[in-house]
1. Could you go through region 179-189 and let me know if any residue there is farther than 18 Å from residue 289 by Cα and at pLDDT 95 or above.
2. Can you pull out every residue in region 288-322 that is in contact (Cβ under 8 Å) with a residue 12 or more places away in the chain and open to solvent by 70 Å² or more (accessible area, probe 1.4 Å)?
3. Got a sec? Which of 61, 26 is open to solvent by 50 Å² or more (accessible area, probe 1.4 Å), of a type in the set (Asp, Glu), away from the ligand (no atom under 16 Å from the Cβ) and in a loop (DSSP other than H, G, I, E, B)?
4. Right, residue 199: surrounded by 22 or more Cβ atoms within 10 Å (Cβ to Cβ), modelled with pLDDT of 95 or more and away from the ligand (no atom under 16 Å from the Cβ) or not?
5. May I ask you to verify whether residue 252 is in the same structural domain as residue 180 (by TED's automatic domain parsing), under 21 Å from residue 96 (Cα atoms) and open to solvent by 10 Å² or more (accessible area, probe 1.4 Å)?
6. Going by what's in this entry, would residue 325 be described as at pLDDT below 95, under 26 Å from residue 159 (Cα atoms) and either more than 15 Å from the ligand (Cβ to nearest atom) or open to solvent by 60 Å² or more (accessible area, probe 1.4 Å) (or both)?
7. How many residues are farther than 26 Å from residue 376 by Cβ, surrounded by 18 or more Cβ atoms within 10 Å (Cβ to Cβ) and among the charged types (D, E, K, R) if we restrict to region 73-94?
8. Which count do you get for residues in region 58-76 that are more than 26 Å from residue 93 (Cα to Cα) and out of contact with any helix residue (DSSP H, G or I) (no Cβ under 6 Å at 6 or more places or on another chain)?
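The values are calculated or read from the model by the stated rules, or taken from the named source; none is laboratory data. On a predicted model such as this, the values are computed, not experimentally measured, just so you know. Note: ideal-geometry Cβ built from the backbone for every residue, glycine included; neighbour counts use all protein chains shown. All accessible areas refer to the heavy atoms of the entire protein, side chains included, with ligands and DNA or RNA removed. Shrake-Rupley method; radii C 1.70, N 1.55, O 1.52, S 1.80 Å.
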Amino acid sequence: MDTKAFKRSLHSSDLYYRKGFGRAAEVTQMLYSEYQSSLIQQIRENGYTLQHGDVTIKLAEAFGFCWGVERAIALAYETRQQFPTERIWITNEIIHNPLVNQNLQDMQVEFIPVNSQGEKDFSVVAKEDVVILPAFGASVQEMQLLNEKGCKIMDTTCPWVSKVWNSVEKHKKGNYTSIIHGKYKHEETIATSSFAEKYLVVLNLQQAEYVCNYILNGGNREEFLTKFAHAYSPGFDPDTDLVRVGIANQTTMLKGETEQIGKLFERTLMRKYGPQELNHHFLSFNTICDATQERQDAMFQLVEEKLDLMVVVGGFNSSNTTQLQTISRARAIPSYHIDSAERIGPLNRIEHKKLHSTLEVVENWLPPGPIVVGITSGASTPDKVVADVIEKIFDIKAAK
Ligand code: SF4
């Protein structure tokens, strides 16, 4: 499939939109009242800290909505305004935030249903309908299917995600296998891998080390294929498809880890083929998203402060939020990942998601006396949700 040619023809279609409809002024007020918060604004203006009774809040200096997410939500709202009577579908959660997704559903923006096998059922989409593609994109196959249906498409894919797709297309053109640092089940990685001819998804440095060891020393092919089941392209063969590799990433992974993985592959191929042959065997472009990088850097800075505990706010299936929680846990600070203020209370109780685990209820999570609470939130979390969390903390401590 020539994905480049397909993209060109899709982008020139009258039924395909990537920009707003000149209704930004109309939706700005709605977005402000639904997602912004004067309390958060006040904390920002006060140097990212606020003291209230026994509680000192320290906010990360970069947190919450990134511009890619704000853009996607604004485009979805504009789409509803532009097509007030049409049925509007969205191929996935526009971003991983329950409040935003609920608001869209309240505006009659419906999710494409998923059947019992976990496959999306696009038969519900009619020619007259509008389909929104979310911030983390959609696969080439989904875009082709929608294009064939002749429906309108609003593509809110973040330009940073498109940048990764362009890298993967360059890998394909040069006959390189794309090594994607990501989660093979994540919608963004599914979309990214659909642009590749040959790919292998590695979750972390440990998996990358396994692959690099295989490149240098060989190994058990069956074991390799079992270990990476579902994480490679059809027909992938570790004995022949790891000779020329290009690096790509899910934009929300830990930036430091993506860099380490890139360097590890670079060193491995240099050792195997020699420095003069490196360009023939290894390709890498910088595709780490600025927003992810800034939020992770701000988190590293925040955990250096003297904190009694951390609260990380964001959807439980949000990859970038999980990365923030990983940083916090690595510093052994008691850290609670919640998706909304509803997880706090009644009384001094919290229900939070343990890292790579399930929900857990903790009683008396806020210690007595003066406390310093670090707070951050993922790129898909509205300020309003963070403000609700802070207010609940103030209320619990005030009642003690
Ligand atoms: S985190 Fe980065 S890639 Fe993802 S939507 Fe935001 S700006 Fe775009």
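1. Looking through region 179-189, at least one residue is farther than 18 Å from residue 289 by Cα and at pLDDT 95 or above.
2. 290, 294, 300, 301, 305, 306, 317
3. After applying the criteria, what remains is 61.
4. Judged against the criteria, residue 199 is a match.
5. yes
6. yes
7. 2
8. Residues flagged as more than 26 Å from residue 93 (Cα to Cα) and out of contact with any helix residue (DSSP H, G or I) (no Cβ under 6 Å at 6 or more places or on another chain) within region 58-76 amount to 1.
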